[in-house]
Structure formats: C-alpha cells, structure tokens
Amino acid sequence: MQFTLKVWRQHDRQAEGKFVEYKATDITPDMSFLEMLDAVNLDLARNGEETIAFDHDCREGICGSCGMYINGRAHGPLRGVATCQLYMRSFKDGNTIVLEPWRAKAFPVIKDLVVDRSAFDRIIQAGGYVSVDTGGVPDANTIPVPKPIAEEAFDAAACIGCGACVAACKNSSAMLFVAAKVSQLALLPQGQPEQKARVERMIAQMDEEEFGGCSNTYACEAECPKEISVSHIARLNREFLKARLK
Amino acid sequence: MTLDSKIPEGPIQQKWDNHRFNLKLVNPANKRKYHIIVVGTGLAGASAAASLAELGYHVTSLCYHESPRRAHSIAAQGGINAPKNYKNDGDSVWRLFYDTVKGGDYRAREANVYRLAQVSGNIIDQCAAQGVPFAREYGGLLDNRSFGGAQVSRTFYARGQTGQQLLLGAYQALCRQIDSGKVKFYARREMLDLIVIDGQARGIVARNLESGAIEPYIGDAVVLATGGYGNVFFLSTNAKYCNATAIWRAHKRGALFGNPCFTQIHPTCIPVASDYQSKLTLMSESLRNDGRIWVPKKARDKRDPRQIPDAERDYYLERMYPSFGNLVPRDVASRRAKEMCDKGHGVGPTQLAVYLDFAEAIQRNTKEWVAEKYGNLFDMYHEITGENAYEAPMRIYPAVHYTMGGLWVDYNLMSTIPGLFVLGEANFSDHGANRLGASALMQGLGDGYFIIPYTIGNYLATSKFPPLKSDHPAFTEAAKSVLEQTRRFVSIKGKRPVDDFHRQLGKIMWDLCGMARNADGLKKVLQSIPQLREEWWKDVVVPGSVDNFNPEIEKAGRVADFFDLAELLATDALHREESCGGHFREEYQTEDGEARRNDDKFMYVAAWEYKGVGEKSVLHKEPLSFEYVKPSQRSYK
C-alpha cells in the first residue's frame, strides 16, 4: 500500500506551523498507524531530515500518550480505539491522510503533533483523589461496594486522559474528562467525604485552564477511545449543583 | 568490595518488625529539612514520592513522560497478589512467600520475599481506600481469581486493567502531594547522570526533553524507580520509551548490577507479523485458564486449524505436564513453544506461533461466558490481527516481558552507592530467576508505599549532608559530558537511523540470548556488540538539533546504553553455567529438557561492577541461603 500524508509540522511552541506532504510507501495492511509513521520517519532520518514528532508509548491503547486528528477525526475513523490501535487495513490504498495535533487553547502545541496536556494533570491535582495517607487504612473488605456500582465506577475510571474528548468538542470542553474522575469517586463510598470540595475545585481548575463549556453535542463520547458515556457528565452536573446548594 | 545485604537477625517472621524498630527515625520536625529526588512515576515511583511527601519530606519527582500517569505500569493487565485468604482456600503469608521463592527458582533473597508477602495485604487495603475500582462480588466484597498457575485464588484485579487502576491510584496520591506543594513535579525530564559526591548520591543531571537544557537537581538521597530493560531486545511488550539509561548511568557511577541475565519471556503474546513491527502485545496469561495450547502433530502442516482433527493435534503442555497442563509457569510454557516451532510445528505465516484454542471452552460453557471473561482480550486480538478468535484459534508466541535483574540493593533497597535507593523493576531483588504472575504490581507498590518510607529515614538520620550548590564541579562536569554526548550524536551525520541499530541489536540478543542460550551463541554476542557499537559511532544519523524537542536524541542516548547493557547481560548469561528460571542454558538441562540448576556453584546473586566501555566487568557474589524453603527441582509434571 502507499499513502500521501499531509502532516502538521511546527518547530516549537512559538513557531508558525504548516502542512508538509510526505509519501508513505511499502506499507502493509498489518502495520499499525504508528508503524506507518515510523517507516516515514526512518526514511526522513536516512536523508538527515528532522523526523515527525508524535507522542506515543505503550502502543496498546492504555497509556493515553498518542492522539492526533486523522482526516479531521480524533484517533481516526474507528470507534473505541486510540491512534496506536489503528491498523492500515482501515485505510484505502493510495489515499491521502491528513495528520494534525489536538487543537485546543488549553493544549498548546509543543512540536509537530505533540501537545502539552498538563492542564489535565492540574485538574486532577485540584481534587481528583481521595485524601488518604499511606498506612492506617481499614481492611479492604470493611468498605463493601455493590457490584453494579463498582462496575459503573470502573467504566468512568477507564479514562486514559488522552484528550480526544477535548479535541472532538467544538468548544474544546474538558467536561467528559472531569466527569469521568468526579463520577468514579462520587459513586464510591471512599469518595464521599470530599465530594463537595472536589467537584467545585476541579470545575474551577477546568475553567482556569480555559477549556470551553459543554453544549451537549456528545462528540466527546463518540470519539472517546474508551467509550466513556456522557451520562457521567450528567452526574458531574448533579454533583456540582448539589455542592452549590449545600 | 564485600556485599552486605543487611538482612536483619531473627526468625524470618520477625525480621521486618525487628528491623523497623531498630531503624533510626527522623524527627517529624526535621523531615522537611531533607530533600529526596524520585526518578520515575510508575507504581514504585509514584507511590514512593507520595508516601515520602506525606511523611513531610521535600520531594522532587521527575519523569520523561508528559504526565506521571503515562508510566508503563499502566499497561499491566492481570492483577496483584495478596494472601488475604478471602476465599478461605488455604492461603497465607507463608504460602505466598513459599510460592515466590520456589517460582523464582531459588535465586531470590528469602528475607526480602517474606517481607514482600507480609506487606502485600496492606497494599490492597491502601488501594481500596484510594478508590481503586477493584472487581467485586455481588455482596460488595472484593473478588479474587487464581492466576498464573497459583493453586489459591489470591489475585485482586480490576477487569483486564489492574495496572492502570493501581497506577491512577498512586498518581492521584502523588497529585494530592503536588497540590499541597510538598512534591515538585517535573515532566519531560530524563535523568542522564547520577551525582555522587564524597561517596554519597546527592543529585542527578537531567535533560529537559522540550528545551534540550541540561538541568541539575540536588537532594539528600536519590530514589530510582525507572523500570526494567526489556527493550534491549528491541521487540518486547514494554512501552517504546522504556529504557535502562537511569539505572545504567548509576551503574557507571558505581552501583552494582544484579543478575542482568534474568529476563522473563511471557508465553501469551501476539506473534510478530512484519519486519516493521515496533513492539509486541501481551495478552493476559489468564487466557491459559481456559484456552488449550496445541500445534499440529505433523510438521509444517499448513491446513486451516479447524480442519485438523483432534487426533492430529499435539496438546503438548497437557501431554508433558499432566498435573499443571496449560498452566505451567511462564518460563516453561515459553520454552516449550519455542521448541515446538524449532521442530517445525510452528503455525501461521511465519511459523513462529502456536495455537491457543477456545473451542472447547465455548462448547463447554457458551460464547457469552467466554466473552464475559476474556472479551477485551479477544477484541484486542481482533484489532491487531484482524482475526476472530471466537471462530478460529488464536496464534501466540512468547515475547520479552520483564527483567528480574536490575541494580543490586540491600534489604533497605539501597544500592552500593550510599543514598541511592532503587525500587520496583529497576532493582534485582525479589523475583529471583523468574517472576510469578501478578507479582510485579505487588513489588512496585510494596517498595514504594511500605518499605522505602521506613528505610530511607534510617539513612537520612544516620548520615551527614554538607551543604551543596548546583555550581559544584560534580554537577558542572556531569552536565558538560552529557551535553557533549548529545552533540556527538548529532554531529556524526551517518546513514543509519537509531532504530535500525536498535533493531539489529535486539535481533542479536533475541536469537542468541533470548529463550535459550548456549556458550557459543553468547560468545558470538560478545563479539558482535563491540563491532556494532563501533559502527554506531561512525554511521548513526540523528537528525534535528540538540536544543529542541527531539525524540531521535532521546532514542540515541538510550540505545547507546543498551549496547553496554547487552554486553553485560551476555557476560552474566555466559558465566552462569546452569539453567534456572528465565535463564535457560541449553548445556544444562535434564534428560527430559527441564532446567538444571547448579546449587553448589551458583546459589548466589551475581553483582557486576562497571569498569569502563569495552572493559571486563568485575563479578561480586552475594551468597544466598535457603533456611525456610528448601531448594528442590521445580516439577510441574
């Protein structure tokens, strides 16, 4: 197979970027999308040209490092997979593929397809945890959690923090990301004592990072590689209201 | 140099308690005067940084990722062991201790393993309190499963994403300390040298991966939790960034390296498909609970597996090991698969694979039953291979997965450099020659939450720390040499990209120092690496600049270290004239092809001292004694 790539190249945070065209040749359907990029980078390196920078690591869809728009869609054409789990058999031989970094004010471009997602870390730092120090906790089985609740909490906790929800949203809203953590901890008994402060602080931090508001288009759910449901956003809103009314 | 393991006196059940009482404490008001650097934010690093900050120490935490949550602990699937005996099936601290020592083929330190088994229950309590969404029973209590051939159900899990959920728990604990100001966190920083002043580890030099700046970090102690070195084989189940640079550079500064040849090959991985393959994907070995492994009896049988009748299939693990069957330990399952393929029974396009078949499980139960238990793994297999494993058997092949070797540490997890502590996969300590399933998460978190907080205090309370500034010559010289190396990479302007060399190194290592090793092959490795290294310094091409985000420079530094590490690995493998655990020397096997240990000659930890590039490393031995678990030939027949 072969492809024409149009890749966003940007030298650093300050530089102006532009699309540059590359040819990807000798690609096989069994290659992953990132292996296709590896092959292009090998060719570039052989010619002494600067390789295309992109974030990636585990290549198993769990670390959340990779992520880019592929033909305008976060993580490409398939549902429920991260970029690294995409294989070239999902593309038509000879096609042109456009690669862009996440576009959001809160995710500045560092280089090429690599963006700065530290805003997500700062949101978690604002309260996405249960305040227990190491040691001095009760035996694990003294805190029973009904199985369906534990399962729902798990569904929320499956978020990999890749940023596709923000990238997919026309407002660059981080509501699904924030909701996933708030919802997980709101569902579990362990999260109750700090629930009010948690939701207020995390929302405040989200606003401070200049993520946009949610207008319920559900694009985030559609592009989430872990298929996290927007019902968690509903729970986030409820928790936020509850906190405000108290 | 004599290696003092500092194992406390007393019966094994009381060693840790006695030791904790004897350790000097740092006065609570004085803790804030100490500054600890923690490198790495996986399970071990994040839990250590958070726990130390909770105690009141100032902590600097660094990782080469953009966020602590990206560390490769996140990819662990199966679970985490703890002998809670919630299942009433006869588990105990003693049994976990016994299983781990035996599973490690009698090459681990008994006292360390016992302590690990002791703290493992606390880990589960801690994680549950953090809100880790473990699997639950209908009554709301925690569920357990049997894993990796254990005879009891002691594995706690969170679907197939246990590592992710435990890491997020530790990450969130770390985030809480970052928020409180007690941890200063630096993302995209790669440690490139250790600073040792007057024999004490006092800091590190790191490269800011975004700006290229070389930055000094000063501390009173340094904790490395930087993971294993499986990527020396290029293809492994490790993440692409996993590397040995932090521990290797500490090794060059004097920290001994323990048992480098103990590497683990995991039996249930998706086989290599093409020459461009960048990494291998592991599927949880829980698959072996219900899947049956087989190859066609006839060599080079190209028929569709579904067309091969039962009588013409060789369920070789069930045949050779009637009592353990498909659940034999990882090293045994891996080696037998290789053997079958070597004899021509391999399947699939490359003939380097065996079948893992769920037809019987589907027939015995239902497709839905299989989907509920293993659905995510079947989906993963489908994504990668495009094949439906509900309809035809999966193809699997072993892949490098974990490294039991690492920097040598004493009972306090301190290396041979005072003030340098090493946690998790980066140290050599608890798994001997083979790690059991669901034990890596246990060790990483045990080290970080429950061991280092005690032992580091003793070091701080009993040592002196002269004031230090970052213009100390040790820092400026290290920064200079690191920068010179980076510039040298860029200046060579050869023809071969970094990945090209790495792939070649990996192939040499996999072919000659992988699942089975022999003296001739290992000698070949030791001949070819210096040649490859020489070629590297002449012909590598590292495009781009040094003062900018440049992944090629990052890779170059790591591969340069892998050359040296590979040499040490092969040296260690050649010197250990026995087979044990993951280290299988073809010359040393029993008549039926099982590993033959040589307890008289090799019942020791091989700790190697660095002497310079191309120079012979010097071997130091820490003798091992087994007072509680008497060494026997592992038998899974």
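With the requirement that a residue be more than 9 Å from every other protein chain (Cβ to nearest Cβ), in contact with a Leu (Cβ under 9 Å, 6 or more places away or on another chain) and open to solvent by less than 20 Å² (accessible area, probe 1.4 Å), what does the stretch A:80-112 give you?
The initial filter retains those residues of the stretch A:80-112 that are more than 9 Å from every other protein chain (Cβ to nearest Cβ), namely A:82-84, A:88, A:90-109.
Filter once more, so that each one left must be in contact with a Leu (Cβ under 9 Å, 6 or more places away or on another chain): A:83-84, A:90, A:96-102.
Hits for the stretch A:80-112 are A:Thr83, A:Cys84, A:Ile97, A:Leu99, A:Pro101, A:Trp102.
In the stretch B:133-147, which residues are in contact (Cβ under 8 Å) with a residue 60 or more places away in the chain and surrounded by fewer than 24 Cβ atoms within 10 Å (Cβ to Cβ)? Walk me through how you get there before you give the answer.
Within the stretch B:133-147, the subset in contact (Cβ under 8 Å) with a residue 60 or more places away in the chain is B:144-147.
Matches in the stretch B:133-147: B:Arg145, B:Ser146.
Among B:Gln527, B:Gln504, which is within 30 Å of the chain's Cα centre (by Cα) and within 14 Å of chain A (Cβ to nearest Cβ)? Steps first, please.
Details: B:Gln527 fails: within 14 Å of chain A (Cβ to nearest Cβ).
Only one candidate passes the filter, namely B:Gln504.
Determine whether the stretch B:49-60 contains at least one residue that is more than 12 Å from chain A (Cβ to nearest Cβ), farther than 25 Å from B:Gly149 by Cα and of a type in the set (S, T, N, Q). Can you show your working first?
Of the stretch B:49-60, the ones more than 12 Å from chain A (Cβ to nearest Cβ) are B:57-60.
Remaining after also requiring farther than 25 Å from B:Gly149 by Cα: B:57-60.
In the following step, the residues that additionally are of a type in the set (S, T, N, Q) were identified as B:60.
Within the stretch B:49-60, one or more residues are more than 12 Å from chain A (Cβ to nearest Cβ), farther than 25 Å from B:Gly149 by Cα and of a type in the set (S, T, N, Q).
So which helices (runs of 4 or more DSSP H) stay within the stretch A:113-173 end to end and still have 2 or more residues that are facing another protein chain (nearest Cβ under 9 Å) and farther than 30 Å from B:Tyr138 by Cβ?
Numbers: elements: A:118-125, A:147-157, A:164-168.
Result: A:118-125.
Might you check whether a residue that is within 29 Å of the chain's Cα centre (by Cα) and open to solvent by less than 30 Å² (accessible area, probe 1.4 Å) occurs anywhere in the stretch A:136-144?
no
Would you point out the residue of the stretch B:61-75, among those that are assigned to a loop (DSSP other than H, G, I, E, B) and under 21 Å from the mean Cα position of the chain (by Cα), that is farthest from the other protein chains (Cβ to nearest Cβ)? Working first, answer last.
So the first thing to find is which residues in the stretch B:61-75 are assigned to a loop (DSSP other than H, G, I, E, B), and the list is B:63-67, B:71.
Those still in the list that are under 21 Å from the mean Cα position of the chain (by Cα) too: B:63-65, B:67, B:71.
Working: B:Cys63: 11, B:Tyr64: 10, B:His65: 7, B:Ser67: 5, B:Ala71: 8 Å.
Filtering first and then ranking leaves B:Cys63.
Identify the residue in the stretch B:600-613 that is hydrophobic (A, V, I, L, M, F, W, C) and part of a loop (DSSP other than H, G, I, E, B) and, among all such residues, is least open to solvent (accessible area, probe 1.4 Å). Break it down stepwise before answering.
Step one: filter the stretch B:600-613 for residues hydrophobic (A, V, I, L, M, F, W, C), giving B:602-603, B:605-608, B:613.
Adding the requirement that they be part of a loop (DSSP other than H, G, I, E, B) leaves B:603, B:613.
Values: B:Met603: 37, B:Val613: 83 Å².
Looking at the filtered set, the residue picked out is B:Met603.
Name the single residue, out of those in the stretch A:58-79 being part of a strand (DSSP E or B) and under 12 Å from the mean Cα position of the chain (by Cα), that is surrounded by the fewest Cβ atoms within 10 Å (Cβ to Cβ). Walk me through how you get there before you give the answer.
Step one: filter the stretch A:58-79 for residues part of a strand (DSSP E or B), giving A:69-70, A:73-74.
The next check asks that each one be under 12 Å from the mean Cα position of the chain (by Cα); those that pass are A:69, A:74.
Values: A:Tyr69: 22, A:Ala74: 26.
Here the answer is A:Tyr69.
Of all the residues that make up the stretch B:49-67, how many are surrounded by 24 or more Cβ atoms within 10 Å (Cβ to Cβ) and within 11 Å of B:Gln177 (Cβ to Cβ)?
Residues that pass the stated criteria total 8.
Out of everything in the stretch B:79-96 that is buried (at least 24 other Cβ atoms within 10 Å of the Cβ) and more than 11 Å from chain A (Cβ to nearest Cβ), what residue ends up being modelled with the lowest pLDDT? Show your work before the answer.
Step one: filter the stretch B:79-96 for residues buried (at least 24 other Cβ atoms within 10 Å of the Cβ), giving B:79-82, B:96.
Among the residues that remain, those that are also more than 11 Å from chain A (Cβ to nearest Cβ) are: B:79-81, B:96.
Working: B:Gly79: 93, B:Ile80: 97, B:Asn81: 97, B:Leu96: 97.
By that ranking, first place goes to B:Gly79.
Being within 14 Å of another protein chain (Cβ to nearest Cβ) and not in a loop (DSSP other than H, G, I, E, B) is the filter here, so list the residues in the stretch B:278-314 that pass it.
From the stretch B:278-314, those within 14 Å of another protein chain (Cβ to nearest Cβ) are B:278-284; that's our starting set.
Listed by number, the list holds a single entry, B:Leu282.
Looking at (1) within 17 Å of the chain's Cα centre (by Cα); (2) modelled with pLDDT of 95 or more; (3) open to solvent by less than 10 Å² (accessible area, probe 1.4 Å), which one does B:Met283 not meet, given that it meets all the others?
The single condition B:Met283 does not satisfy is (2).
So for the stretch B:120-132 (the condition being in contact (Cβ under 8 Å) with a residue 24 or more places away in the chain, within 14 Å of chain A (Cβ to nearest Cβ) and touching a Ser or Thr at 6+ places or on another chain (Cβ under 8 Å)), does at least one residue qualify? Walk me through how you get there before you give the answer.
First, the residues of the stretch B:120-132 that are in contact (Cβ under 8 Å) with a residue 24 or more places away in the chain: B:120-124, B:126-127, B:130-132.
Then drop every residue that is not within 14 Å of chain A (Cβ to nearest Cβ), which leaves B:120-124, B:126-127, B:130-132.
When the remaining residues are screened for being touching a Ser or Thr at 6+ places or on another chain (Cβ under 8 Å), the result is B:126.
The answer is yes, given that some residue of the stretch B:120-132 is in contact (Cβ under 8 Å) with a residue 24 or more places away in the chain, within 14 Å of chain A (Cβ to nearest Cβ) and touching a Ser or Thr at 6+ places or on another chain (Cβ under 8 Å).
In this structure, does B:Thr350 turn out to be closer than 30 Å to A:Thr28 by Cβ, β-branched (Val, Ile, Thr) and open to solvent by 10 Å² or more (accessible area, probe 1.4 Å)? Reasoning before the result, please.
Numbers: closer than 30 Å to A:Thr28 by Cβ: yes; β-branched (Val, Ile, Thr): yes; open to solvent by 10 Å² or more (accessible area, probe 1.4 Å): yes.
Answer is yes for this residue.
Given the options B:Lys616, B:Lys630, B:Lys538, B:Lys637, name the one that is loosely packed, with under 13 Cβ neighbours inside 10 Å and out of contact with any helix residue (DSSP H, G or I) (no Cβ under 9 Å at 6 or more places or on another chain). Talk me through it step by step, then tell me what you get.
Numbers: B:Lys616 fails: out of contact with any helix residue (DSSP H, G or I) (no Cβ under 9 Å at 6 or more places or on another chain); B:Lys538 fails: out of contact with any helix residue (DSSP H, G or I) (no Cβ under 9 Å at 6 or more places or on another chain); B:Lys637 fails: out of contact with any helix residue (DSSP H, G or I) (no Cβ under 9 Å at 6 or more places or on another chain).
None of the others qualify; the one that does is B:Lys630.
From (1) in contact with a strand residue (DSSP E or B) (Cβ under 7 Å, 6 or more places away or on another chain); (2) more than 14 Å from every other protein chain (Cβ to nearest Cβ), pick out the condition that doesn't hold for B:Tyr186.
All conditions are met except number (2).
Could you identify the single residue in B:Tyr374, B:Tyr397, B:Tyr381 that is crowded, with 18+ Cβ neighbours inside 10 Å and not in a helix (DSSP H, G or I)?
On the way: B:Tyr374 fails: not in a helix (DSSP H, G or I); B:Tyr381 fails: not in a helix (DSSP H, G or I).
Residue meeting the stated conditions: B:Tyr397.
Looking at (1) over 30 Å from B:Glu9 (Cβ atoms); (2) not in a loop (DSSP other than H, G, I, E, B), which is the only condition B:Asn88 fails?
For B:Asn88, the exception is condition (2).
Has the stretch B:186-194 got any residue that is out of contact with any His (no Cβ under 7 Å at 6 or more places or on another chain) and free of Cβ contacts under 8 Å to residues at least 24 places away in the same chain?
no
Would you check which residues across the stretch A:1-50 are acidic (Asp, Glu), facing chain B (nearest Cβ under 8 Å) and buried (at least 16 other Cβ atoms within 10 Å of the Cβ) and list them?
Across the stretch A:1-50, the qualifying residues are A:Asp30, A:Glu35, A:Asp38, A:Glu50.
Condition first: crowded, with 23+ Cβ neighbours inside 10 Å and touching a residue at least 24 places away in the same chain (Cβ under 8 Å). Now tell me which residues in the stretch B:569-584 satisfy that. Quick ask: steps written out before the conclusion?
Our first condition is that a residue be crowded, with 23+ Cβ neighbours inside 10 Å; within the stretch B:569-584, this holds for B:569-570, B:572-573, B:576, B:579-584.
Selection gives B:Leu569, B:Ala570, B:Asp572, B:Ala573, B:Arg576, B:Cys580, B:Gly581, B:Gly582, B:His583, B:Phe584.
The values are calculated or read from the model by the stated rules, or taken from the named source; none is laboratory data. What you see is a predicted model; the values in this text were computed from it and never measured. Quick reminder, even Gly has a Cβ in these numbers, built from the backbone with ideal geometry, and neighbours come from all protein chains shown. Surface areas here come from the heavy atoms of the whole protein model, side chains and all, with no ligands, DNA or RNA. Shrake-Rupley method; radii C 1.70, N 1.55, O 1.52, S 1.80 Å.
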